Amino acid sequence: MTHSTRFDWPARLLHWSMALLILAMLFIGVAMVTSLADYGTLVALHRPLGLLILLLAVLRLANRWHRPAPPLPADLPPWQRRAAHASHVALYGLMLAMPLVGWAMLSAARIPVAVVGPLVLPPILPQSPMLYARLRELHTVLAYGLFGLILAHFGAALLHGLIRQDAVFASMAPWRSRRAVGNR
């Protein structure tokens, strides 16, 4: 079985779309806790975007299941291979956990999770102020963890794109690199 040196276009589209959505969500989340004046508007954006991220994460996992990632460079040290694998597992876990914890948190508070218009998701947990408080704290901790992991992911992308100049960054780049075009 031969492996491509690039992710397929659905994987690249999902990656970059989700990158923008997740960054927007992190900034919206920070703005929600710092702005009383815009809180309602920000929450109205935050909830459906979180559900969209959950849906896209499931689609992304399904795509990844059917189309594995291109192989890492043969000269990549074993510890970097393990770190890459662990960070991707953590990223996928957080992309699923963050919206689910948010939904659970709102369920415990009996706050409706409006998707679009009158469409409201059912609660997934019983009402519990204590559970709400714990899930709210967990949601915040996971958000900080996701932000840190994104910074590490971005740093690794820069390492591969600028320092190592191997095929790792080019495999997910939305454009085709000159080197890849020349090697066709």
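The values are calculated or read from the model by the stated rules, or taken from the named source; none is laboratory data. Only a predicted model underlies this, so the values are computations on that prediction, with no experimental measurement involved. All Cβ positions, glycine included, derive from the backbone under ideal geometry; neighbour counts span all protein chains shown. In case anyone asks, the SASA skips ligands and DNA or RNA and just uses the protein heavy atoms, side chains included. Shrake-Rupley method; radii C 1.70, N 1.55, O 1.52, S 1.80 Å.
Just order 64-71, 43-50 by mean Cβ neighbour count inside 10 Å, highest at the front, would you?
43-50, 64-71
How far, in degrees from 0 to 90, does helix 78-108 lean away from the longest principal axis of the Cα atoms of the chain, to the nearest 10?
20
Angle check, please: helix 9-34 long axis (alpha carbons) against the longest principal axis of the chain (alpha carbons), in degrees 0 to 90, nearest 10.
With both axes taken from Cα atoms, the answer is about 40 degrees.
Simple spin-label model, 7 Å along Cα-to-Cβ: ASN63 to TYR92 in nm?
Placing both labels 7 Å beyond Cα along the Cβ direction yields 1.4 nm.
Counting only C-alpha contacts under 8 Å and six or more residues apart, can you give the relative contact order of the chain as a whole percent?
Relative contact order comes out at 24 percent.
Find out how many positive minus negative residues lie around TYR92, taking Lys and Arg as positive, Asp and Glu as negative, among other residues whose Cβ is under 10 Å from that of TYR92.
Computed value for this residue: +2.
Run the numbers on the range 15-116 and let me know its relative contact order in percent, using alpha-carbon pairs under 8 Å that are six or more apart.
Details: 46 pairs, mean separation 32.4, N = 102.
The value is 32 percent.
Please give the per residue accessible area of the range 38-149, computed with a probe of 1.4 Å over protein heavy atoms only, in Å².
Solvent-accessible surface per residue comes out at 61 Å².
Could you order peptides 91-104, 139-152 by the average number of other Cβ atoms within 10 Å of their residues, highest first?
For the peptides 91-104, 139-152, the packing ranking is 91-104, 139-152.
Rounded to the nearest 500 deg cm²/dmol, what is the calculated helix-only ellipticity per residue at 222 nm for the chain, with -39500 (n - 2.57) per DSSP H run of length n ≥ 4?
Numbers: 6 runs with 126 residues, N = 184.
For the chain, the value works out to -23500 deg cm²/dmol.
Considering the alpha-carbon set of the chain alone, what are its Rg and its Dmax in angstrom?
Answer for the chain, Rg first and Dmax second: 18.9, 60 Å.
Specify the angular offset, from 0 to 90 degrees and rounded to the nearest 10, of the alpha carbon long axis of helix 39-66 from the longest principal axis of the alpha carbons in the chain.
40
Starting from 0.36 nm per residue, how many nanometres of slack lie between LEU49 and ASP8 once their C-alpha separation is accounted for?
12.3 nm
Find the centroid of the Cα atoms in the range 56-96 and in the range 141-156, then give the distance between the two in whole Å.
15
Under a plain spin-label model, where a point goes 7 Å from the Cα along Cα-to-Cβ, how far apart in nm are LEU36 and LEU131?
3.1
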